[in-house]
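Structure, as C-alpha cells:
We did not get these values from a lab; they are worked out from the coordinates using the rules stated. Note that the structure is a prediction, hence the values are computed from the model and not measured. Here the Cβ is made from the backbone with ideal geometry for all residues, glycine too, and neighbour counts use every protein chain on show.
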Amino acid sequence: MQNVKVYYMPNNNDSFVREVDADKAIKEERNKAFDELVNTMKKEYLNRVGTQFDNAILETEKLAERLK
C-alpha cells in the first residue's frame with residue numbers, strides 16, 4: 001500500500017495536514033487491538049483459575065479436617 005495524504009477541508013479548500021504510511025498505521029492498530037484482546041483474556045482467565053484454585057484449596061483443607 002502507499003502513503004496516504006490526509007487533507008482537512010473546512011470550506012472546500014484543500015489544505016494538506018499530513019501524510020500517513022497506511023501499512024504502518026494498519027499494523028499499529030491491529031497490534032493494539034490484539035494486545036487489548038490478549039490482556040482482557042489474561043485477566044479473565046487468571047481470575048477464573050485463581051478462584052478455582054482457591055476453592056480447591058478450601059475443599060482440600062475441609063477434607064483434611066474430616067480425616068483428622
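Here's the list of lysines a cross-link from LYS24 could span, going by alpha-carbon distance under 16 Å and ignoring same-chain residues fewer than 8 apart: LYS5, LYS32. Here the spin labels are modelled as points 7 Å beyond Cα on the Cα-Cβ line, and at ASN31 and VAL49 they lie 2.6 nm apart.
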